1. Rounded if a/c is under 1.5, else prolate if a/b is larger than b/c, else oblate: which is region 125-182, with a ≥ b ≥ c the root eigenvalues of its Cα gyration tensor?
2. Quick one: with all protein chains in place, what share of the accessible area of region 26-183 is carbon or sulfur, to the nearest percent (1.4 Å probe)?
3. So which of K46/K465; K413/K516; K465/K515; K465/K618; K105/K408 end up more than 30 Å apart by C-alpha?
4. Would you please put 223-233, 140-150 in order of how densely packed they are, using the mean number of other Cβ atoms within 10 angstrom per residue and starting with the highest?
5. For V364, tell me the accessible area in Å² from a 1.4 Å probe, rounded to the nearest 10.
6. Taking amide H positions as placed in the peptide plane 1.01 Å from N, state which residues far from Q619 in sequence (5 or more) or on other chains have amide H under 5 Å from it.
7. Starting at the first residue of region 216-232, write each ³J(HN,Hα) from the Karplus equation 6.51 cos²θ - 1.76 cosθ + 1.60 with θ = phi - 60°, in whole Hz, x for Gly and Pro.
8. In sequence order, what are the phi-derived ³J(HN,Hα) couplings for region 470-475 according to the Karplus relation 6.51 cos²θ - 1.76 cosθ + 1.60 with θ = phi - 60°, rounded to whole Hz, with x for glycine and proline?
Amino acid sequence: MSALTACLILFAGIEVDIAGPFTTEPLFDGWNRLVARVRTDQEGFKGELILTVRSWGREPARFRRPLTLPPHADRSYPWDLQLDGWEEEAVVELIDTDGERVAWKSSHLSFVRLREINVIAIGPAPRSLGKGRRSISLALKTLPLPAFPTDPVPLLQANTIIFRGPHDLDPGQQEALRTWLEAGGQLVLFAGQSVNPLRRGIWREICPIDPTEITAATFQGIDQEVSIPIMEGSIREGDGFLELGGTSLGIRSRYGLGEVVFLRFPVDLKNIDLLVPPETMWRSILTSPSEDEMERFRRRGDPVFKDAARLLQFILPAERKLDMRYAGLGLLLLIGYVVAIGPVDYIRLRRKSRLKRGWASFSVYTLACSAVFLLWGSLFSPASTTLQQVVFADEGIVQTFSMLQGGKSAQFKIDGEGAISALDSMWFGWGESPSEGWTVEPPSRLTLPVAVLSRRLISSCRTTKDGEIGIAARWETPAEGAVLLENRGLLHLEQCFLLKDDRVYSIGSLPRDSKKSVKLGETPSRTLRDWINGFTKDEPGFSPRWIGYRQVSLGPAGWLFALSFYDKWRQQAGYGRIPYVIRQRKLDMSATIDRGATILVGLFRQDLSGVKVDGYVKQETLGIVRIPVETMR
């Protein structure tokens, strides 16, 4: 997802190139992919490949990979990392076994202008989107089909992906698209020139119609009749939109937590603008405030959270805590010290007629008491290293934010699964940011310098394993009055809730290897606004925090819930939507509720992150899983 301009450097017969699969700039506050490409001559290469990302006023991030290449090799090596917009430059280097730099290339990082919606177009963007985007706040990227990734992590920042037709995807690309879609993405698919591609692969699975043929349909335009090709077929699921003469030109259907928008006509028809204005069509697909609305919002001075990490720091209280059991002992030590250097020492010295030597005994008492107080301080305020994590788990994706607090200054070795990246310490640290930076080595080992009492935020993302989640929810009746829940996975859900039509139904726990039938008419419910405002108010240990305009008392579970449906909660509270309140949109499922989906939400405490720290670390995990309730077919 990088916008690095490809430019080759030739040195000693070896070419190194830094580029990315996207042809425009990287995105703010999310996972981006940088790719290094290495070509060797007839001698091959053995050494190390290093990618360094430099930021203004911040520590550098390094990605190291040992490299052994045969002669005439041409290989690409991707890195997934979190970029927040402060990064300035990316440098790729080849270092040989003698420590000498063989080749290098640097590129300036120019971030795309911040917008409400991130859209990826596979191949050239539809011409109608270029015309209709003028009043829509969106950032557009184009991606060649061969560069479409085989894992979903680089896609997580995209709200919408547009396919010009049912292109042939390899199995890895199909799984990445499926996982991204199930996690809440929106896929826009144009009909191709033939029905056959829609009858195979992932397109047969997600297309809301059973295509039969392509026919010419005539509609009355603004000034004349217009004939366009239409994909015919029976609708399996979903609802029609873009109605013309009783015919729906588009069909919207849910898939997991995501949405499929199928347009029944081929892309870039010359006369489609005569039937449906591009702005009308794309505003009906991409729900976004206009640029004028965005400008009015900025003038009002409403608070905008730049990213989810700034909100998550409120629910990651990895702070040094005091053990009040030793507070009384400290008071006794202080009284004893005052008594010892005062009347006790004075009486002792006067009896021996040595009052002039009081300075010596005072020094001895002070040193001894200082050692005792130092020992007491380690008991009263233990300097242990802690790791507190919040986990957002969906059917195919696990995203984790971990707060590491150092009990001492050290280089911590942290192993993850999938992509792992440290976020800058200037947001959270109390001490000075380490100048040596942090390093990631394969497969996913992060070396992170942490100063004493400082806090570092770590972001990681991975795909789920087979049977890891294993939670199913489906309607028992077509009337959608009862939901059957089944937990066949590894998680014990301590609290579960159903979200349907802006209401929250509390349904208790869902242990492993258990089933439960929930009748909504017999289950107590509240609005999302009332539920979040009253959630875990009596949970000890957490102070009220600001969220939006209101100060609400939420425990960590309540914060996870509020983050998952933040935009929707604000709408119900009467504040309206905050544009880009959470740029990592896969953490906020408000759009899924707007699409009419019913969602099972469960809270758990098992460590699903895959993040492990070398050495003894006190670790706490709180997670939230979001599962769509399947419709009856």
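1. Numbers: a/c = 2.54, a/b = 1.70, b/c = 1.49.
Verdict is prolate for region 125-182.
2. On the way: 2880 of 6040 Å².
About 48 percent, which is the carbon plus sulfur part of the accessible surface.
3. Details: K46/K465 34 Å; K413/K516 42 Å; K465/K515 22 Å; K465/K618 26 Å; K105/K408 37 Å.
Correct reply: K46/K465; K413/K516; K105/K408.
4. Values: 223-233: 15.2, 140-150: 16.7.
Order by mean packing, descending: 140-150, 223-233.
5. Ignoring ligands and nucleic acids, V364 comes out at about 100 Å².
6. Amide H to amide H, under 5 Å and 5 or more residues apart or across chains, Q619 pairs with L387.
7. For region 216-232, the Karplus-derived couplings read 8, 10, 10, 10, 7, x, 5, 10, 7, 6, 10, 10, 9, x, 10, 7, 8 Hz, x marking Gly and Pro.
8. x, 10, 10, 9, 8, 6
The values are calculated or read from the model by the stated rules, or taken from the named source; none is laboratory data. Because the structure is predicted, anything quoted here is derived from the model rather than measured. Glycine gets a Cβ as well: all are built from the backbone with ideal geometry, and neighbour counts include every protein chain shown. Note: areas computed on protein heavy atoms with side chains; ligands, DNA, RNA excluded. Shrake-Rupley method; radii C 1.70, N 1.55, O 1.52, S 1.80 Å.
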